[in-house]
Structures are given as structure tokens and as C-alpha cells.
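Below is one structure, written out as C-alpha cells; the observations come after it.
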Amino acid sequence: MAAIQLKNLHKRYESIDVMHHVNIDIEDGEFVALVGPSGCGKSTLLRLISGLEDITSGEILFDGKIVNRLSPAEREIAMVFQSYALYPHMTVKKNLSFGLENLNMDRAIIEERIQKAAKLLDLLPYMDRKPRALSGGQRQRVAIGRAIVRNPKVFLFDEPLSNLDAKLRVQTRGEITKLHKKLNTTMIYVTHDQVEAMTMAEKIVVVNAGRIEQVGKPLDLFERPANRFVAEFIGSPKMNMFKAKITKVDDSGIEVTSGTIDHFTIPVISESAKIGDSVTLGVRPSHIEIAESGIPLEITQLECMGHETFIYGSMQGESEELVAHLPHHFEAEIGDTIFLRFTSQFMHVFCDKTDQAFKRIEA
Amino acid sequence: MKNLSAFLFSILDRFMRFVELPTVYLQKKIGVQRMGYLFVAPNMVLFSLFVFLPVGLAIAYAFTGGTNMLIWDRPFVGLENFSRLLNCGSYMNPASCEFDLFWTAVHNTWWYTLLNATGTLVMALITAVVLNRLTKGKALFRSIFFYPVLLSPVVVGLIWKWFLARDGLLNALVLDLGGERTIFLLEVWWSRFWVVYVSIWFHMGFFTLIILAGLQAIPRDIYEAAKVDGTSEWRQFWRITLPLLTPNLLVVAVLLLIRSVQVFDEAWVLTDGGGPGTANTFIVQFIYQTAFSSEVRLYGLASAASVLMGLALLALTLIQVWLAKKAEY
Amino acid sequence: MLKFLTRTRHHGKMDITDILSWLWLTLGTAVIAIPIAWAMLSSLKTEAEVNSFPPSLIPQSTVNTQVEGYDKDLSVWQWTKTDGETKQVALVRRIGIKATVVDMDKPEKTFQVPISEITQLKDVHFQWQNYTDPLERFDFFTYIKNTVFVTVVATILTLLLNSMAAFALSKYKFRGKNAIFMLILSTLMLPLSVIMVPAFIVIVGLNLADNLWGVIFATVATPTGVFMLRQYMLTIPDDLIEAARVDAASEFRIYWRIVLPLCAPALAVLAIFSVIWRWNDFLWPLIVLSSPENYTLQIGLNAFQGQFSVEWHYILAMTVIALLPVTIVFLVLQKYITEGVAGSGVK
């Protein structure tokens, strides 16, 4: 088990900067998800932590000790790869024991450890099979087992669920969470799927274009996104965004006006906001209510699922389409006009110059 | 049996653990990625010793004279080796040259290359086309035609030497048909014919296989479309197969030229060292004899001849690379 | 068989192209097989039989028998009397056109017959001594031993060294990697015949002249092998290598325990080729080796046929020995060999 600190971490590939001065603190035993769109650098970050890739500058500390120059084995990490990377020419048993044999461990201890891991992961019936004779889920468990037997200080997962079908993915998600509870080891989990990150992690690191956009608890990111990118990336369907202008600034918040919203005050700390600045307003689909009167919306598409409803439509004077999510039964026709109500506490304001969110005034 | 192999493997593995130790130390020192140098090193050492260094030496020796083997004991003679090799009254007449054997070899190699390359290409093409028509038995016949390629030049030389001998099978057949008994390999023109014939016999299978691979790469549906149009098989060959195969054939042809220029082994065995007289003496044999089997070992002259042949081959190789690139497009 | 031969692409009818095709294949097969078969058959004939003309097809030898009252065995002849009756007799001696024969049932009495009335009896006989004699009386056992040594050691080294180089060139990032690869590839175009003189001088410099190791070392680094294995290794996912690194395997151990086993199919192809190349090598051993105790089979056989050019019964038997291993390898593995050649254009 280990606490991990990344200090001013920088990575450059042939004169292209791929990680920009990253700082992250990971506590001992924490389950952290690195999340971001594909190509954002989250896998690179994981490989830098693992030691498979050398850092260009900065420091990586495990339990306060600098590990910059140590190999993955010396850092005592274990990793589960997206492709599982099982050794195809070895049986399940050999796959599990290979890492321990490399450490010149005693035969009896190796046997004991792999038996324990195999029991934990239900792998006992397949010990003499080669990976190609296993199903996707079984391969996945062998990959996890190979990590467990090493008793690592840190588990690293690189998109481990992306090769599984939807049903198995949900199931495995639960199993990994359970495993974390049981082992209580630091786990770093890379995924492009924000649902995985939200449901499993204790802390989420949102990565974009080689930079850390925000670090926080799942609900923090959902409710208090620090910038436009995080706001749009976390939550499904995406947060609705529309352009507005600041019309008034005072201690109670910022008053904005857009094509459809007239002089609406949102309780955020005004800081550097000036009247006339252009901003973007954000409102989550689930924070939109239907009302008798208010902002008119013409329905262009409707998804009624009985227990929940998605409404897609366009507002007069707005170019962007709007999505509303109602957690209940709702019936309407395409082409109907309905009225919406936004709640000011649930609205986000982003400065157009910096894309940063104005901080909310906490009650 | 399984236990035995497991046992042998465990011993080997233990040995490899021992070998591993210094590499682990090195890995710590230089880092993971630079271990590539270690893995490529043994190969590079051998390449340097037996390929790169010789290339340099060949050029260096070509400009030195004398009979000493050590390069620093050899006097620099500039272009003398080349000028002596190229000193000729007329290049069409080897007898007018200072080194008439070299020019005889050049002439012989020239004719051999021309005939061997053409013959092999035509035979290989026909065989490949015929093999490609087969629906069954293709693998069998492919193997039969390829088999001679795997024989050694000595074996091929001796098999044919025996077949063509004074008391050989061919003479028995010739006599049976009312012909005259001939000692084929002691007559200038017959021996030249048989050298080319045996070469084609020996190497044809290799080129057949390559052309066959090219044929199989031609999409089947083109032929099916032609068949629907009622195109005869002859026409299909001339109008579809040949045009589509031409880029491939050009590459094969140049490869054939490159190989033919280097003729030595089987001809040397078959003709007892280039006989009768010098009727089948080729350039490589000239180099070999000049450097290794004459009384005075003229390394400089042999190297100069090697350099000249190397230049010719380089030109052909460049043409081949260029054609191969064009064939890919 | 007939059905198989007459099978065509347009079910049922056989047109002129089909006939020509089959003619070509049959003729080609005959042209390829007859000289080889002839050498094989001749290698089993007695010395006398080999040197007789016109030759007989099947290896035969004269039939001899012991007859009472004669110290030596006598040869058996068929006597066709003028009235057509035939009888077997043993030949005692021949003078002019008369032959003195003896009836084998009544050995005490000899009589004379015209030689036009008798023909010698022969039966099928394989002269296996042609194979054993050269091994005992000449150095062929040494030649074979040397060839096996060169073939085995060179093949093992070829597999090891080339797979290591291929591993470096396919799985590592280091400065000069591409330059090294191009350098190795360029040697693919450089034939031995161009550099044989200086290569021999290098061998002399390394004190490896007339030494089997001199034959081996110059041949084990092959651009073909490096290229072939590198192409194969590029298909091994990098994840596997990194998983092994995470699993605390050293780079050498990754090579030995992960990469080599995974390359088994490509290594097998290279091994087949290497065995065939080394077994057949001629020009290079001819240059390097000078004393008969170091000759490989090919060089020894060539030297023998130069020195004892009339001993065709031995030459042919040893020729068959020289082609046998390659033939067996080909019979068993022909699919891999032909596909390997067609796939990579190596020989």
C-alpha cells in the first residue's frame, strides 16, 4: 500500500509535450479514476506512474520516496492491461506464477499465493488452460489475478472493462469495487467512460490534452465542475450550454441575459466578472423542470421510457439543441411546445475567456 | 518423454538465469530501451566483420598491389589493377586483352546470363501459369518443381555429370535412337548448352513459386468477368494475366540477372572447373582462381574484379528496387 | 488416378489447353525426376555394372554358384540350344567364340558351346557397400560429422542471434535503430561472391582459416533471418512485453521466456532454411577450408570426384547421402518451405 504524489510531472515525446506539469495527490488505499476523452493522455499518465515510461521532469513519490528512476517491479506496482496481455503460451497457472518466479520466490509461497488468488477469482477450474481457451470474462479475471498474486503496493488498471460486453461490464465493475474494499490497496483506474469513474472511484481526476482539468469526489465534479470541459464531460446526457451576457454584478450573484432568459440572477461569486462580458450558461438535463409557463421549447425528439423521459427540443433564439431529463412518466407529441423552468441554484456560469466556472455561493 | 523435455528445459532455464545476471546489471546501468543495443550487438559484430569490413577491404585491396595478404604490407598502386583488367585491344575480342581470361569470363558470363535469365523466366512463367490452372494436385506439382532448388550445387553438378557422362543414360538413349555417342561436357558448345540447361533445371522452381504467388494475387473475379464475356483462355492469358503480371515479372527478371551474373557453384562442379578449356569460365571463377588457387595470389586484381562485378550488381539492384517500388504503387 | 488426371476446370470436357497443361506437367516431372532417379539407381550398382555400357536400368549383379571340383565360384549362364531348349550352365572359361561350360548337376563333365548360344544370368542386387565403403575407406565419415556440426551449431546461433537482433529492432526505441535496420537490410543485396576475397582475409586475420568456426561465424548473421523474425515480432503486442516488465522480468528474461516461445512458428521456418543453407553451402567452405579433415560433405564430395573421377559408384552413393537430409526435410515440411519462399522470397 502506498500514497502517491505526482509533483510537477512533465512528459515530452520528441519535442511534443504530452503531459503538462501535473500535480496529483493520491492517498493510501484510495480508488482513483483517471478519466478523459481518448488521446487525452490518461494512459500516458498511468504509464508514467507505473514506470513503463520515463518522465521528462518532475517527481513521482511513493510514500514520500522518489521513484522516478525505479522500474515497475521496483515500484511494486501491478497492472491490468486493456488487452489483458496474458501470456498466450502459458497456462493460467503459469500466467499467475510467472511474476513471482521472476522474483525468485520460494516455490511453496508461490503455490499458496496463486491458490488464494485463484480461489478468490473463481479460477480454480481453469488453471491448466491456455488463455485462448478462456472467455473474455475469464481472461479478465486472470489478468486481475496476475496483479493480485504480486501483493502490489498499487494496482493500475488501464481501461480493463472496454473489451467486455455491457452486462459483464456492469458485473465486473461491482467485483472490482468489492475487491478494492477487501484488499484496501491504492488503485488507479483509467477509463474514458465517465459512468465507470463515477460509480467506482472515490476520487476522479479529469484529464484533457495532457493537463489535469479537475480533481475531486464524483459528486463534486458533477455538482461543481471547475470548468466547461469537466461540466460537459461528466454527466450523461451532456450539460446544456447557451450563450449569455452579464447584465449586472453584485454580492448575490451575476445577472445574465440570453436569447431566452431575461435578467436571471445566478448565485455565484462574481470575482472578476464585469458587465457586458460574454459567458456560457450551463444547466444539466436533470435540473430542468416542466412548468405551466416559462421558457417555451418546441419538441423535436422524444424518448419515453416510462420511468424516465428525455425531451429534445429547440428554444427560440438559441442555436444549440436542448435536452431535458425527467425522472418520471411524460407524454407529448413531436412539434408540441412545452414550457421549462430553470432553477438558479443548479445553473452554472462559465467565463468565455477562460472557460473557468464562477464558484457557487454555498448556502 | 514429456518429463525428459521438462527436465532438459529446467536445466536450460537455470543456465539462462545465470546468463541473465550480467544483463540485469547492465539494464540497471543503461535503462530498458537501450538494452536494444545489447540485443543487436552480436549480430552487428558479425555483420561488421564479415560484410561491412570486407566491403571496405575489397575497395582498399583493389587499389593495392603485390602478393602480401596484410594490407599495410601492400604498396598503393592507384588504378593500376583496374587499368590492367580493362587493358584491351578490343572488348569484343578477349584474346586482345592483357587479362584475356577475365574477358573470356566476362563474355561467357554475359551469354550465360542472357540465355539463363530468358530461359528460366519463360519456363518458370509457363510452369506457374499451368500450376495456377490446376484445381487439384497443385501442391504436389509445386513441390515437385521446387524440389531441385533445395539440392546443393555439388549434388546437382554430380547428378548431371553422371547423366551426361560418356557411359551415361543420355548417351544410351541417343545411341538407341540411332544417334552418335557424344561426350557432351567436353565439347565447347554442348557443354555451354548443358550448363545453361542445368541452371534452369536447378533454379526454375524458385522463380516459378514467386511468379505463382504473383498470379494468385490477381483477383479471381477479373477472370470470371472475362469468362462471362466468353473470352478464350489464350486471350485471357495475353490480355489479362500477362499485363497484370508484368510489374512482377520485371522484378523477377532483374533478380534473375543478378543471380545469373554470380554463376559459379554448379557450373564449376559440372564442368570440372570451367572446362573444356575456358568455355565455361565465369567471372566469379576468375576471382576465385586469381585470389585462391593460382600460384601467385593476386588479391588486388581479384578485388578489382570483385569491385567491377559489385558495381554491375549494384546497378542491377538499384533497377530492381526501383521496379519493385513501381510494382507496389 | 485417371479420373484425377482428367479432372479439369470445366467439368467433363478436356480441351486443348488442358491437354497441353498436363503434357507440360508430366514432361516437367520426368525431366526433374529422371536424372535424380538415375543417380539413385546407379548408386546401388556394382562397380562393374556402373561402368558397363549400355547401362541396365535396375541394379543387378551376375549370379554365381559353387560347383564341386572348382575353387572359385562360377558364373551362371542361360544356354539356349539350337532346338530352342534352354538349360542353366556354369561358365568355366571362355576362349574365342567357344565357351567351356559345366552342367551344374553333373559337375565332373565339361563341354563346349558357342558363346552366341549363352547369355549371362543376372538378378536384382543392391550394392550397399557403395554407401559403407567410402565411410570406412575414405574420409566421408569425417565430412558428414563436420557438416552436421556446422549445420547444427550454425542453425542454433542463427536462431539466437537473429532473433535477438529482431527483438531489438522491433521492440525497443534507441538512437540509430532505423539506421541499423537499413544497414542490415542493405546487406541482403550484397552477395558473397563480391566480398569473398576480403571476407577470407578477415577469416585469416581472426585465425579462423581452415577452421569450421570460420565457416559458421560468417554465415550466422543473416539479413533474411533478421527481417523475417522482425516482421513476425511486430505482430506480438507490446502490451505483453510491458506486462512482463511489470511482472518483474528482466529484458533478457522477456526475450527468453516471452518473445522466443511466441516466435516459434517463425523460428521453425528460419531453422528449416538454415539447415538447408548450411548443409548445402559450397563456395564459402571451399574458400575457408583447406585440409581434408576439416572438409564438409559438399567440399569433400567435390574433392573426391576430382581425385577419384572414375569411382562413380562411390561418388553417386555419397551424392545420394548429400541430398538425403534435405529431401527428408522437404518431404516432411514441404508446405512450410514452399509457403515460406512464396511469402518472403527467400531461398
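The values are calculated or read from the model by the stated rules, or taken from the named source; none is laboratory data. All of these numbers come straight from a predicted model, not from anything done at the bench. All Cβ positions, glycine included, derive from the backbone under ideal geometry; neighbour counts span all protein chains shown.
A few notes on this one:
- Apart from one condition, B:SER306 fits all of (1) within 12 Å of another protein chain (Cβ to nearest Cβ); (2) farther than 27 Å from B:GLY78 by Cα; the exception is (2).
- B:GLU20 under 30 Å from C:GLY176 (Cβ atoms), of a type in the set (Asp, Glu) and either more than 9 Å from chain C (Cβ to nearest Cβ) or in contact with a Lys or Arg (Cβ under 8 Å, 6 or more places away or on another chain) (or both): yes
- Restricting segment A:274-310 to residues that are polar (S, T, N, Q) and outside any helix (DSSP H, G or I) leaves a set whose member that is farthest from A:LEU340 (Cα to Cα) is A:SER278.
- Picking from residues in segment A:134-150 that are free of Cβ contacts under 8 Å to residues at least 40 places away in the same chain and in contact with a Ser or Thr (Cβ under 9 Å, 6 or more places away or on another chain), the one that is nearest to A:GLU76 (Cα to Cα) is A:ARG141.
- Matching residues in segment A:36-84 - criterion: being of a type in the set (S, T, N, Q) and within 11 Å of chain C (Cβ to nearest Cβ): A:SER50, A:SER71, A:GLN82, A:SER83
- Flag if B:ASN132 is part of a helix (DSSP H, G or I) and either free of Cβ contacts under 8 Å to residues at least 12 places away in the same chain or buried (at least 20 other Cβ atoms within 10 Å of the Cβ) (or both): no
- Scan of segment C:249-279 for residues that are within 7 Å of chain A (Cβ to nearest Cβ) and either touching a Ser or Thr at 6+ places or on another chain (Cβ under 8 Å) or in contact (Cβ under 8 Å) with a residue 12 or more places away in the chain (or both), ordered by number: C:ILE258, C:LEU262
- Scan of segment B:212-240 for residues that are of a type in the set (Ser, Thr, Tyr) and either within 11 Å of chain C (Cβ to nearest Cβ) or in contact with a Leu (Cβ under 7 Å, 6 or more places away or on another chain) (or both), ordered by number: B:TYR223, B:SER232
- Criterion violated by A:SER293 - all others in (1) over 15 Å from A:MET239 (Cα atoms); (2) touching a residue at least 40 places away in the same chain (Cβ under 8 Å); (3) surrounded by 11 or more Cβ atoms within 10 Å (Cβ to Cβ) satisfied: (3)
- Per the conditions (1) surrounded by 15 or more Cβ atoms within 10 Å (Cβ to Cβ); (2) in a strand (DSSP E or B); (3) in contact with a strand residue (DSSP E or B) (Cβ under 6 Å, 6 or more places away or on another chain), the sole criterion not satisfied by A:VAL249 is (3).
- Residues (assigned to a helix (DSSP H, G or I), within 30 Å of B:TYR61 (Cα to Cα) and more than 30 Å from the chain's Cα centre (by Cα)) located in segment C:149-183: C:ALA179, C:ILE180, C:PHE181, C:MET182, C:LEU183
- Helices (runs of 4 or more DSSP H) wholly inside segment B:222-329 containing at least 1 residues that are of a type in the set (D, E, K, R): B:233-236, B:242-261, B:265-270, B:299-328
- Within the option set B:ILE59, B:ILE30, being of a type in the set (Val, Ile, Thr), in contact with a Leu (Cβ under 9 Å, 6 or more places away or on another chain) and more than 8 Å from chain C (Cβ to nearest Cβ) holds for one residue only, B:ILE30.
- Of all the numbered requirements in (1) touching a strand residue (DSSP E or B) at 6+ places or on another chain (Cβ under 6 Å); (2) more than 23 Å from C:VAL246 (Cβ to Cβ); (3) surrounded by fewer than 22 Cβ atoms within 10 Å (Cβ to Cβ), A:ALA166 misses one, and that requirement is (1).
- Residue in segment A:332-340 that is within 24 Å of A:ASP262 (Cα to Cα), of a type in the set (D, E, K, R) and not in a loop (DSSP other than H, G, I, E, B) present: no
- Candidate set from segment B:141-158 (those that are of a type in the set (A, V, I, L, M, F, W, C) and under 16 Å from B:MET204 (Cα atoms)); member that is farthest from the other protein chains (Cβ to nearest Cβ): B:VAL156
- B:LEU170 within 14 Å of chain C (Cβ to nearest Cβ), modelled with pLDDT of 90 or more, part of a helix (DSSP H, G or I) and touching a helix residue (DSSP H, G or I) at 6+ places or on another chain (Cβ under 8 Å): yes
- The set of residues in segment C:186-222 that are under 25 Å from the mean Cα position of the chain (by Cα), assigned to a helix (DSSP H, G or I), more than 8 Å from chain B (Cβ to nearest Cβ) and not β-branched (Val, Ile, Thr) comprises C:LEU192, C:LEU212, C:TRP213, C:GLY214.
- Residue check for C:GLN66: away from chain B (no Cβ under 14 Å), farther than 25 Å from C:ILE36 by Cα and of a type in the set (S, T, N, Q): yes
- Helices (runs of 4 or more DSSP H) contained entirely in segment A:166-226, each with at least 1 residues that are more than 16 Å from the chain's Cα centre (by Cα): A:166-183
- So C:ILE195, is it crowded, with 23+ Cβ neighbours inside 10 Å and not acidic (Asp, Glu): yes
- Number of the condition not met by A:HIS180 [criteria: (1) over 24 Å from C:LEU240 (Cα atoms); (2) in contact with a helix residue (DSSP H, G or I) (Cβ under 6 Å, 6 or more places away or on another chain)]: (2)
- Segment C:1-19, subset more than 17 Å from B:ARG142 (Cα to Cα) and of a type in the set (A, V, I, L, M, F, W, C), residue modelled with the highest pLDDT: C:ILE19
- One residue stands out among those in segment B:106-140 that are in contact with a helix residue (DSSP H, G or I) (Cβ under 8 Å, 6 or more places away or on another chain) and among the aromatic types (Phe, Trp, Tyr): the one that is nearest to the other protein chains (Cβ to nearest Cβ), which is B:TYR112.
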